[in-house]
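The values are calculated or read from the model by the stated rules, or taken from the named source; none is laboratory data. Remember, it's a predicted structure, so these values are computed and weren't measured experimentally. Cβ placement follows ideal geometry from the backbone for every residue including glycine, while neighbour counts extend to all protein chains displayed. Accessible surface is based on the protein model in full, side chains and every heavy atom, while ligands, DNA and RNA are left aside. Shrake-Rupley method; radii C 1.70, N 1.55, O 1.52, S 1.80 Å.
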Amino acid sequence: MAIVRWKPMRELMSLRDEMDRMFDSFWGENDGRDGGMLMPPVDMIENDDNFVVSVELPGLKKDEIKMTMQNNVLTISGSKKHEFESKEDTVHRVERSYGSFCRSISLSSTIDSSAIKASYDSGVLKVTLPKVEEAKPKEIAIDIK
Amino acid sequence: MIRFDLIPQSRVRTVRREYSLYPSVDISENKDNYSLKFEIPGMAREDVKIWIEKDMLMVSGEKKQNLDENEIRHLGERRFGKFERSFWIPEDADREKVKAEFVNGLLTITVPKAAESRPREIKIG
């Protein structure tokens, strides 16, 4: 290990940073820390043809995620177990969150439930919910007389 | 023995505003390896960088967001941007044999212990 010269101010400043971070996370402000597992962060966008829901579920396997669609409510649930099952492991730091989660998203009734598609790639579940034909924006040419 | 730990490094602090992400990490150790597991869902493999600098293991990356002006955003809870985290490497680590894999948004860095520092059973002759 390299010998590092002790600078008292440096420790003081890093303490201040830690305090900042503590307050930030307490108030749920953006300190850049990713959302906990119990409340996986969700993005939802809408384009002309689809609604697209993306959920961050790092470290899960495809078959550990459950997804249902009922009464236009999309529900994504599952649970994440920690992997330190071995007694030989010494755990030094745990920042990741574990446990079960359940997120429900209300969608408009204009979704074609039979054509919902989902994929899971690099820890992100992406659900594509196509709109029914009638709900898609259409251009209607009107003759001006 | 020196363990893996976070470094409240002055360099990190001064540029902290540039880093909007702070990925969660779990650190554990067994008799052969140290293991660091980062949650970085939605990040492309080529956007993650791992390197060793002096006695530090550095991990940085950028999570990019594809924004389309024609889309309506209803929910935006996911965070995007850059991160950098650094860790002391323990004295008994074999830094030539550090390995990393990225599966399902989970980056696992394995730092093997040097052979001479592993527990070794000695048989009575």
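Going by the structure shown, is B:Ala115 of a type in the set (Gly, Ala, Ser), open to solvent by 50 Å² or more (accessible area, probe 1.4 Å) and out of contact with any strand residue (DSSP E or B) (no Cβ under 7 Å at 6 or more places or on another chain)? Yes.
Scanning the range A:33-47 for any residue that is surrounded by 14 or more Cβ atoms within 10 Å (Cβ to Cβ), over 20 Å from the mean Cα position of the chain (by Cα) and modelled with pLDDT under 90 turns up nothing.
Test B:Arg45 against the criterion of being loosely packed, with under 13 Cβ neighbours inside 10 Å, touching a residue at least 24 places away in the same chain (Cβ under 8 Å) and more than 7 Å from every other protein chain (Cβ to nearest Cβ), and give yes or no. So that I can check it myself, show each step before the final result.
On the way: loosely packed, with under 13 Cβ neighbours inside 10 Å: yes; touching a residue at least 24 places away in the same chain (Cβ under 8 Å): yes; more than 7 Å from every other protein chain (Cβ to nearest Cβ): yes.
Spelling it out, B:Arg45 is indeed loosely packed, with under 13 Cβ neighbours inside 10 Å, touching a residue at least 24 places away in the same chain (Cβ under 8 Å) and more than 7 Å from every other protein chain (Cβ to nearest Cβ).
For A:Asp63, the stated conditions do not hold, so it cannot be described as touching a residue at least 40 places away in the same chain (Cβ under 8 Å), of a type in the set (D, E, K, R) and either closer than 22 Å to B:Leu75 by Cβ or surrounded by fewer than 18 Cβ atoms within 10 Å (Cβ to Cβ) (or both).
Within the range B:96-121, which residues are outside any strand (DSSP E or B) and farther than 16 Å from B:Lys31 by Cα? Full working, then the answer.
Here is the first cut: in the range B:96-121, the ones outside any strand (DSSP E or B) are B:96-98, B:104-105, B:114-121.
Result: B:Glu96, B:Asn104, B:Gly105.
Listed by first and then second residue, the pairs linking a residue in the range A:81-109 that is on the phi > 0 side of the Ramachandran plot to a residue that is of a type outside the set (A, V, I, L, M, F, W, C) and open to solvent by less than 50 Å² (accessible area, probe 1.4 Å), with Cβ atoms under 8 Å apart and 6 or more places separating them unless they lie on different chains, are A:Gly99/A:Ser79; A:Gly99/A:Lys80. Looking across the range A:122-145, the residues that are assigned to a loop (DSSP other than H, G, I, E, B) and either open to solvent by 80 Å² or more (accessible area, probe 1.4 Å) or in contact (Cβ under 8 Å) with a residue 40 or more places away in the chain (or both) come down to A:Gly123, A:Lys136, A:Pro137, A:Lys138, A:Glu139, A:Ile140, A:Ala141, A:Ile142, A:Asp143, A:Ile144, A:Lys145.
Output the residues belonging to the range B:54-88 that are part of a loop (DSSP other than H, G, I, E, B), more than 9 Å from chain A (Cβ to nearest Cβ) and either basic (Lys, Arg) or crowded, with 16+ Cβ neighbours inside 10 Å (or both). Result: B:Lys64, B:Phe80. Selection over the range B:89-111 of residues that are surrounded by fewer than 19 Cβ atoms within 10 Å (Cβ to Cβ) and in contact with a helix residue (DSSP H, G or I) (Cβ under 7 Å, 6 or more places away or on another chain) gives a count of 2.
Which residue is nearest to B:Glu29 (Cα to Cα), if the candidates are limited to the range A:98-110 and must be part of a loop (DSSP other than H, G, I, E, B) and open to solvent by 40 Å² or more (accessible area, probe 1.4 Å)? Ranking the candidates gives A:Tyr98 first. Scanning the range A:93-141 for residues that are modelled with pLDDT of 90 or more and among the aromatic types (Phe, Trp, Tyr) gives A:Phe101, A:Tyr120. Within the range A:66-97, count every residue that is within 30 Å of A:Glu46 (Cβ to Cβ) and surrounded by 13 or more Cβ atoms within 10 Å (Cβ to Cβ). Within the range A:66-97, residues that are within 30 Å of A:Glu46 (Cβ to Cβ) and surrounded by 13 or more Cβ atoms within 10 Å (Cβ to Cβ) number 11.
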